[in-house]
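J.: So that we are looking at the same thing, I have put the structure below in structure tokens.
The values are calculated or read from the model by the stated rules, or taken from the named source; none is laboratory data. Keep in mind it's a predicted model, so treat the numbers as computed, not measured. All Cβ positions, glycine included, derive from the backbone under ideal geometry; neighbour counts span all protein chains shown.
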Amino acid sequence: MRIFAVADIHNRDIGKLDVEDVDVVIVAGDFTNADGVDFAKETIKKLGENFPEAKILAVPGNMDVRGVLDFLEEKGISIHGKAIEVNGIKIGGLGGSNITPFRTPFELEEDEISGILEGLECDIAVIHAPPFGYYDWIAGASVGSRAVREWMVRTKPKLFICAHIHEYEGTAKVGDTLIVKLGAVMNGRCAIIDINNEFNEIIVRFEKI
């Protein structure tokens, strides 16, 4: 399976993309800058045009108004709080983020995050906010979600895709879970992830968009 993964688009036009053999397109949140739903709709349309044979799955980010989640649900591509099976692989997710100082549109208390994730099990997790302690440092402090980290450690997804903190991209291994922290599309970044069904080979390439 080849995954084309993006996040933190923040109203940047993705344009024409030259990536072949993509099976799944993942958007890990923040289509917009808290300014409505139209750009999210346009982005999903363009992703569909770029990858007509691929399955598109997405969660909203903390900067997306709740109408973005409604749109993703209506399109049947939301994985917020649930999992969808693609070629025998379960892909699930969580949108929004834990509480920030900025009062963005889609923020959740840690106990709310725990409640949404309760019972969710998947092979690939797509969660906008990073787990506490991984690619989440701002001014020397971790600002990721403790509830997300607890869920990740407990359920052990094979692949964990996250975003939210624009300054970082990279990978980290936590037990049997490979974390892939996406860079921001607004900074020209994306990731291509190749996996086999047994997840014993995962190849991650961070690319320019």
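J.: I'm told Gly15 meets every condition in (1) more than 20 Å from Thr177 (Cα to Cα); (2) at pLDDT 95 or above; (3) more than 16 Å from the chain's Cα centre (by Cα) except one. Can you identify the failing condition by its number?
T.: Going through (1) more than 20 Å from Thr177 (Cα to Cα); (2) at pLDDT 95 or above; (3) more than 16 Å from the chain's Cα centre (by Cα) one by one, Gly15 breaks only (2).
J.: So, Ser97, is that one within 14 Å of the chain's Cα centre (by Cα), of a type in the set (Ser, Thr, Tyr) and closer than 18 Å to Ile179 by Cβ or not?
T.: Values: within 14 Å of the chain's Cα centre (by Cα): yes; of a type in the set (Ser, Thr, Tyr): yes; closer than 18 Å to Ile179 by Cβ: yes.
For Ser97, the condition - within 14 Å of the chain's Cα centre (by Cα), of a type in the set (Ser, Thr, Tyr) and closer than 18 Å to Ile179 by Cβ - is met.
J.: Can you tell me which residues in segment 179-193 are surrounded by fewer than 20 Cβ atoms within 10 Å (Cβ to Cβ) and touching a strand residue (DSSP E or B) at 6+ places or on another chain (Cβ under 6 Å)?
T.: Selection gives Gly188, Ile192.
J.: Can you tell me which residue is surrounded by the most Cβ atoms within 10 Å (Cβ to Cβ) among those in segment 18-41 that are within 14 Å of Glu53 (Cα to Cα) and of a type in the set (A, V, I, L, M)?
T.: Looking at the filtered set, the residue picked out is Ile26.
J.: Between Ala34, Ala58, Ala54, which is touching an Asp or Glu at 6+ places or on another chain (Cβ under 7 Å), among the hydrophobic types (A, V, I, L, M, F, W, C) and modelled with pLDDT of 95 or more? Walk me through it before giving the result.
T.: On the way: Ala34 fails: touching an Asp or Glu at 6+ places or on another chain (Cβ under 7 Å); Ala58 fails: touching an Asp or Glu at 6+ places or on another chain (Cβ under 7 Å).
Step by step, each of Ala34, Ala58, Ala54 is checked, and only Ala54 is touching an Asp or Glu at 6+ places or on another chain (Cβ under 7 Å), among the hydrophobic types (A, V, I, L, M, F, W, C) and modelled with pLDDT of 95 or more.
J.: Tally up the residues in segment 151-182 that are under 13 Å from Tyr135 (Cβ atoms) and in contact (Cβ under 8 Å) with a residue 40 or more places away in the chain, please.
T.: Counting residues in segment 151-182 that are under 13 Å from Tyr135 (Cβ atoms) and in contact (Cβ under 8 Å) with a residue 40 or more places away in the chain gives 10.
J.: So which residues in segment 141-168 are of a type in the set (Phe, Trp, Tyr), crowded, with 19+ Cβ neighbours inside 10 Å and touching a strand residue (DSSP E or B) at 6+ places or on another chain (Cβ under 7 Å)?
T.: Residue satisfying the conditions is Phe160 alone.
J.: So, one more: If I ask for residues that are over 18 Å from Glu107 (Cα atoms) and not in a strand (DSSP E or B), which ones from segment 15-39 would you list?
T.: Within segment 15-39, Gly15, Lys16, Leu17, Asp18, Val19, Glu20, Asp21, Val22, Asp23, Asp38, Phe39 meet the criteria.
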